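The values are calculated or read from the model by the stated rules, or taken from the named source; none is laboratory data. Predicted, not measured: the structure shown is a model, and the values here were computed from it. All Cβ positions, glycine included, derive from the backbone under ideal geometry; neighbour counts span all protein chains shown. Surface areas here come from the heavy atoms of the whole protein model, side chains and all, with no ligands, DNA or RNA. Shrake-Rupley method; radii C 1.70, N 1.55, O 1.52, S 1.80 Å.
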Amino acid sequence: LRRGDLDLALFALSPGLPDELQAEPLLDDDLCLVVREGHPLLARRRLRLADLADADWMLPGPGVAARRAVEARLTEAGLPPPRVAVEFSNIAAQLARLLLHSDLVGLASLSTLQTPAGAGLVALPLAEARFARRIGLITRRDVPLSPLAARFVEVLRGQQRGG
């Protein structure tokens, strides 16, 4: 994006954007720790974050902000880092199926949980199991978009307004 190879990017926004880039927030789509329906953790009378210490996890690679957020949350609670059994670079539908057929703990967005791809997955009922995330459009500052990219942005903005 910074080199001009891309016109724009849609990402989870984070602080510290380089000066030559600008961000436009589009929507909030929190991430949640999720398990399959019927997972043993859901049977606990009072689930606590500490109950996840012995769990096996399916998480993105160490360079991904979502994974760092999970690790930081566990560290803040005085817990060991997650025991990652499956590491992925993209949460494709096949990986969601892996969660459905195992006792792994994973991550999914609230929006995914409301689609067919999230069927059978349950957000863990813990405030600490939710991670605020704002999705936005990132472009180069003071560089006009190509006509196709500009139309795409117009459609995105229309979707946000309910159009």
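Do the conditions hold for GLU87, that is, is it among the acidic types (Asp, Glu), closer than 26 Å to LEU13 by Cα and touching a strand residue (DSSP E or B) at 6+ places or on another chain (Cβ under 9 Å)? Answer is yes for this residue. The residues on offer are LEU156, LEU113, LEU145, and the sole one that is in contact (Cβ under 8 Å) with a residue 24 or more places away in the chain, closer than 30 Å to ARG46 by Cβ and among the hydrophobic types (A, V, I, L, M, F, W, C) is LEU113. Determine if the stretch 88-97 includes at least one residue that is under 11 Å from the mean Cα position of the chain (by Cα) and open to solvent by 40 Å² or more (accessible area, probe 1.4 Å). Scanning the stretch 88-97, I find at least one residue that is under 11 Å from the mean Cα position of the chain (by Cα) and open to solvent by 40 Å² or more (accessible area, probe 1.4 Å), so the answer is yes.
Just so you know, in the stretch 112-144 the residues that are out of contact with any Leu (no Cβ under 7 Å at 6 or more places or on another chain), closer than 28 Å to PRO18 by Cα and not hydrophobic (A, V, I, L, M, F, W, C) include one that is surrounded by the fewest Cβ atoms within 10 Å (Cβ to Cβ), and it is ASP142.
Among the numbered criteria (1) β-branched (Val, Ile, Thr); (2) outside any helix (DSSP H, G or I); (3) surrounded by fewer than 16 Cβ atoms within 10 Å (Cβ to Cβ), which single criterion is violated by VAL155? Result: VAL155 passes all but (2). Tally the residues that are over 21 Å from GLU71 (Cβ atoms) and either of a type in the set (S, T, N, Q) or open to solvent by 50 Å² or more (accessible area, probe 1.4 Å) (or both), restricting the search to the stretch 1-11. Total meeting the criteria: 6.
Residues in the stretch 28-55 that are open to solvent by less than 50 Å² (accessible area, probe 1.4 Å), farther than 19 Å from ARG97 by Cβ and assigned to a loop (DSSP other than H, G, I, E, B): ASP29, ASP30, LEU47, ALA53.
Scanning the stretch 112-120 turns up no residue that is closer than 17 Å to ARG73 by Cα, of a type in the set (A, V, I, L, M, F, W, C) and not in a loop (DSSP other than H, G, I, E, B). Only one of the listed residues (ALA9, ALA65, ALA50) is without any contact (Cβ under 8 Å) to a residue 60 or more places away in the chain and within 18 Å of the chain's Cα centre (by Cα). That residue is ALA65. The set of residues from the stretch 12-27 being in contact (Cβ under 8 Å) with a residue 24 or more places away in the chain, open to solvent by less than 60 Å² (accessible area, probe 1.4 Å) and out of contact with any Gly (no Cβ under 7 Å at 6 or more places or on another chain) comprises ALA12, LEU21.
For the condition within 26 Å of ALA65 (Cα to Cα), modelled with pLDDT under 95 and open to solvent by less than 60 Å² (accessible area, probe 1.4 Å), ALA150 does not qualify. Within the stretch 56-80, can you find the residues that are surrounded by 12 or more Cβ atoms within 10 Å (Cβ to Cβ) and part of a helix (DSSP H, G or I)? Selection gives ALA65, ALA66, ARG67, ARG68, ALA69, VAL70, GLU71, ALA72, ARG73, LEU74.
When the test is whether a residue is touching a residue at least 40 places away in the same chain (Cβ under 8 Å) and assigned to a loop (DSSP other than H, G, I, E, B), LEU99 does not pass it.
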